[in-house]
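Have a look at the structure below before the remarks.
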Amino acid sequence: MKSFVYCLFVGFSLYFFSCSNSSKLPHDGEVLQVNLDKKVNPFKEIFSKAEIIPLETVDSSLIVWIKKVVPVGDELYIYDDWANKLHVFDKNGKYKHKIGRRGQGPGEYLNMQDCIVDASNNDIYMLSIFGRIKRFALNGLFKEEIELPSRSHYYSMALLDNKHLATWSCLEKEEGGVLIIDRQTSDTLGSFWHDDRMFDNQQYFPFFQYKGKTFFATGIRQQVYEVTTMGLKPAYFWDFGKYNIRESTYQYYLNIENVTERNEKIIDDYGTDMLPFNLLTQRQNTRYFYAGLQREKGIRPPMTHVFYDKEDDKDLVFDHLDTKECRMNPPLYFGEDFLLTDVLYDDRETFKSILPETEYRKLENMLEDDNPCLLKLYFKK
């Protein structure tokens, strides 16, 4: 009888996504078992073709740090996180225009912490850290401003459906980091995810979408959740075997009372037995689950790329694109047919072995002050 009551309680709790302490939700959903020590050649296993898209460099198109790329028809919407700009290029990298204008006037913005390009509804959403969203059309025409509930900061957002959105903030445990908000009224429908702020601080863009669903994952937690208007539902769990982050590790960091020291210690431990990785980027398409693991501290550290093949139920892991240490940055776009990432000037020579001569010549023509190029990698069919 006791076992029956226990099972009933667990099932009931999971069904209603009891998120009063979301970080304690059990590891649930599909378990993805990955051997990080077993490496593959991605051009034999994952990719079929590579192309380079040089992004035109003119005064109005200068890019500092690309955080997101969204292909829409024959255009590329490129979000520059550090410069707070959303640029539009054509599919070949020719610059067209930018969306919005910095300022305090009608339709202008002071800060863009995140942005969403919703092509199906002709919408662009720009999120301010201060809790305001500016909505534009794809052609840059200003539509409206949305005021969000008051809180100390906003870092990221995701559209759940035509009526609701989710926002993300790194806050103390007493406040839910994820808000579910009515897009029409700005009313808060729920507040979820109560974890340590220094754990959350390792990931500022925790949302990603696949087939109309929104998923949520933080940097040093291996559980991935589906976001619904009712809360966070466990979706799948990354099992890295001997590299799994132990529960004792979390407690060790929590025992460091000074939050600055705690954050510095976490970053310093990347790639050690204590903290083998930071789940910097996660994505999904019909064929693959993807995770990009940061194994060292730094602004652009070497990455371990994990592809989990849904069809064959196997893991595909690589640190570099080939034996010549060709370096792939985290995906900026992850679609059904291809992914996009950036190539910086200092890394261009390492791509020679994977590119056709005509494509590599585009990198050879790159100047030090030019915008980064995009690397387009096509998935094998």
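The values are calculated or read from the model by the stated rules, or taken from the named source; none is laboratory data. All of these numbers come straight from a predicted model, not from anything done at the bench. Quick reminder, even Gly has a Cβ in these numbers, built from the backbone with ideal geometry, and neighbours come from all protein chains shown. The protein model used for the area step is the full one, side chains on, heavy atoms only, and it has no ligands, DNA or RNA in it. Shrake-Rupley method; radii C 1.70, N 1.55, O 1.52, S 1.80 Å.
Across region 135-149, which residue is surrounded by the most Cβ atoms within 10 Å (Cβ to Cβ) among those that are of a type outside the set (A, V, I, L, M) and outside any strand (DSSP E or B)?
That would be Gly140.
One residue is enough: does region 1-8 have a residue meeting the conditions within 30 Å of Glu175 (Cα to Cα), at pLDDT 95 or above and either within 22 Å of the chain's Cα centre (by Cα) or not in a strand (DSSP E or B) (or both)?
no
Taking region 312-327 as the search range and keeping residues that are without any contact (Cβ under 8 Å) to a residue 60 or more places away in the chain and within 26 Å of Ile78 (Cα to Cα), which one is least open to solvent (accessible area, probe 1.4 Å)?
Cys326
Out of the strands (runs of 3 or more DSSP E) lying entirely within region 162-261, which hold 1 or more residues that are in contact with a His (Cβ under 8 Å, 6 or more places away or on another chain) and open to solvent by 50 Å² or more (accessible area, probe 1.4 Å)?
Strands (runs of 3 or more DSSP E) meeting the threshold: 188-192.
Report yes if Tyr360 is open to solvent by 10 Å² or more (accessible area, probe 1.4 Å) and either at positive phi or among the aromatic types (Phe, Trp, Tyr) (or both), otherwise no.
yes
Enumerate the pairs (first residue in region 26-45 and assigned to a strand (DSSP E or B); second residue anywhere and open to solvent by less than 60 Å² (accessible area, probe 1.4 Å) and aliphatic (A, V, I, L, M)) with beta-carbon separation below 7 Å, excluding pairs fewer than 6 apart on the same chain, so at least 6 apart or on different chains.
That search, which allows pairs on different chains as well, returns Lys39/Val317.
With the condition kept exactly as written, say whether any residue in region 121-134 is in contact with a strand residue (DSSP E or B) (Cβ under 9 Å, 6 or more places away or on another chain), outside any strand (DSSP E or B), hydrophobic (A, V, I, L, M, F, W, C) and buried (at least 19 other Cβ atoms within 10 Å of the Cβ).
The answer is no, given that none of the residues of region 121-134 is in contact with a strand residue (DSSP E or B) (Cβ under 9 Å, 6 or more places away or on another chain), outside any strand (DSSP E or B), hydrophobic (A, V, I, L, M, F, W, C) and buried (at least 19 other Cβ atoms within 10 Å of the Cβ).
Go through region 328-346 and give me each residue that's more than 15 Å from the chain's Cα centre (by Cα) and either within 17 Å of Phe289 (Cα to Cα) or crowded, with 19+ Cβ neighbours inside 10 Å (or both).
Of everything in region 328-346, those that are more than 15 Å from the chain's Cα centre (by Cα) and either within 17 Å of Phe289 (Cα to Cα) or crowded, with 19+ Cβ neighbours inside 10 Å (or both) turn out to be Met328, Glu336, Asp337, Phe338, Val343.
Does at least one position in region 97-111 carry a residue that is open to solvent by 10 Å² or more (accessible area, probe 1.4 Å) and within 22 Å of the chain's Cα centre (by Cα)?
Looking through region 97-111, at least one residue is open to solvent by 10 Å² or more (accessible area, probe 1.4 Å) and within 22 Å of the chain's Cα centre (by Cα).
Regarding Tyr378, is this residue of a type outside the set (A, V, I, L, M, F, W, C), in a strand (DSSP E or B) and either modelled with pLDDT under 95 or open to solvent by 20 Å² or more (accessible area, probe 1.4 Å) (or both)?
Judged against the criteria, Tyr378 is a match.
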